[in-house]
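The structure is given below, and queries will be raised subsequently.
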Amino acid sequence: MAGSRNRKSPDSGLPAAVAAVLAAAGVGAGQRVCLALSGGVDSAVLLHLLAGLRASVGFELAAAHVHHGLSPNADAWARACAAMCAAHAVPLETFRVTVARDDPAGLEAAARAARHAALARVERDWLATAHHQDDQAETLLFRLLRGSGVRGAGAMAPVEPGRLRPLLSVRRADIVAYARGEGLCWVEDESNADPRHVRNYLRHEVFPRIECAFPGAVPALARAAEHFREAGELLDALAAQDAAACGGVPFSREALLALPDSRGRNLLRWALRAQGGEAPSRARLTEAIRQVREAPAERPLRLPLGALACCIYRGRVWLEPELPALPLPVPWHGEDVLAWGAGRVRFEASAGAGLARKALGDAGRMELVPPWPGLAMRLAPNRPRRSFKNLCQEAGIPAWLRPRLPVLRVGGEAAWIGEIGTAAELACGPGEEGVSPVWER
């Protein structure tokens, strides 16, 4: 454990910097703040500062430590974190995780993923991390070297939904000086000196050389990250405007193609993030826009973009998840809800609409099944019996969704098909008690 018992230094401004971030986030009485505590000097200082502010601000403070098991000193670090928290009367939760040493993304990425998964389990209003200005500059340079776009180059923000980085405006040297001035103790992770890790190489080899020629490089890069983040917010605002101009979701294909390609790519990135996906490479988005632009208007398209796919059909453009496996038959015994694929089918009570309950009661076995060869149905007494393919074409359902439509089979016949309708033979009469299936996908 490293530390110092030097005389206290003059006020460095760190308490005010942390308090300002808490105020900007609206942290107040009764809110729960959990500090991600590694035991290093950065998180040790943030623990000290947050503990000193909790009474005046009124928040509840806890800490979480992730034991990766990668270092022979990992148990000692966990004990050190427990001692730090005990000294400040802060409850600590320790998570032991297993990190895959052969992860294709590398050991750093595997450890980070395991850490994030563990911290996501903590009940809190805010997760506080001890990232500082030097981390911000390293993150920006690292992402630029990987060809990141504007949003990625925005790096980290001091306040994000559920996330606080109260030391992001502070240099690491000032954090170390504060720790020594306050006589704090902390641990040193030996892996932080290993230049085989990319960030360590930037920290120990690249940045010292940059700062020799450009002494203000770190704060300048941190300011650049703020500019990139602001530009990213403007691009999001533009995408929201373009989404509205395209008629909302699903987008109008004609309106989307009226946009310049750069704005079309920006709109798709924005829509992907809105549905929880990650933006693919610029090359893939460029190819997607090209195919949408060049394909005949009547041709259906489904273009994979990572976890989501861009779908084009009958003048509409939308994003949807990758197709799940074909669902297996599910018996229905009158339940209100049945799972189907990645969604569910709800059975809502109705009067004069949907399927007649009396007819269902007399019909025998009932089950949800996928469409089968030869499937056909009559939607109204005065309409002919139509094949499943024709019904889907009339309803505007693209070919890739058709095998996954839920069909309620009653006594061996189709009584209802999701997004198409109800068989005329089993439909409710006026005022008759019924049930209306609704597929939520």
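For the stretch 180-187, in order, what is each residue's ³J(HN,Hα) by Karplus, 6.51 cos²θ - 1.76 cosθ + 1.60 with θ = phi - 60°, in whole Hz (x at glycine and Pro)?
Karplus-based 3J(HN,Hα) across the stretch 180-187 equals 5, x, 8, x, 7, 10, 7, 10 Hz.
Mind checking the log10 I(q)/I(0) for the chain at q = 0.09, 0.14 Å⁻¹? Debye, one equal scatterer per Cα, no solvent, two decimals.
Log10 I(q)/I(0), no solvent term: -0.80, -1.23.
Give me the 1.4 Å probe accessible area per residue for the stretch 282-399, excluding ligands and nucleic acids, in Å².
Value returned for the stretch 282-399: 54 Å² of accessible area per residue.
Order the following by accessible area, largest value first: Asp134, Asp174. Probe radius 1.4 Å; ligands, DNA and RNA are ignored. Don't skip to the end; give the middle numbers.
On the way: Asp134 25, Asp174 75 Å².
These residues rank, largest area first, as Asp174, Asp134.
Oh, and also: Over the stretch 131-257, average the accessible area per residue using a 1.4 Å probe and give it in Å², no decimals.
That works out to 52 Å² for each residue.
Amide H to amide H under 5 Å from Ala309: which residues, 5+ apart in sequence or cross-chain, H placed 1.01 Å off N in plane?
For Ala309, whose amide H was placed from the backbone, the distant partners under 5 Å are Glu320, Glu322.
Out of residues 5 or more away from Ser350 or on other chains, whose amide H comes under 5 Å of its own, with H placed 1.01 Å from N in the peptide plane?
Those lying under 5 Å, H to H, from Ser350 are Gly434, Val435, Ser436.
Here's a follow-up. With +1 on the Cβ of every Lys and Arg and -1 on the Cβ of every Asp and Glu, and nothing else charged, how large is the dipole of the chain about its Cα centre, in debye rounded to the nearest 20?
Values: 53 positive and 47 negative charges, 153 e Å.
Rounded to the nearest 20 debye, it is 740 debye.
As an exercise, take the mean of 1/r over every pair of distinct alpha carbons in the stretch 215-266, invert it, and state the Kirkwood radius in angstroms.
Kirkwood radius, the stretch 215-266: 12.7 Å.
Quote the FRET efficiency, to the nearest 0.05, computed for Ala237 versus Ala117 with a Förster distance R0 of 41 Å and r equal to the Cβ-Cβ distance.
Values: r = 32 Å, r/R0 = 0.78.
Using R0 = 41 Å, I get an efficiency of 0.80.
How large a share of the accessible area of the chain, in percent, is made up of carbon and sulfur atoms when the probe is 1.4 Å and the other protein chains stay in place?
Result for the chain: 54 percent of the exposed heavy-atom area is carbon or sulfur.
Dimensions of the stretch 276-422 along principal axes (Cα, Å, largest first)?
58, 33, 29
Kirkwood Rh, Cα Rg: Rg to Rh for the stretch 151-202?
When Rh is taken as the Kirkwood radius, the ratio is 1.04.
The values are calculated or read from the model by the stated rules, or taken from the named source; none is laboratory data. What you see is a predicted model; the values in this text were computed from it and never measured. Every residue, glycine among them, receives a Cβ derived from its backbone with ideal geometry; neighbour counts consider all protein chains shown. Each accessible area value is taken on the protein alone, full model and side chains, heavy atoms only, with ligands, DNA and RNA left out. Shrake-Rupley method; radii C 1.70, N 1.55, O 1.52, S 1.80 Å.
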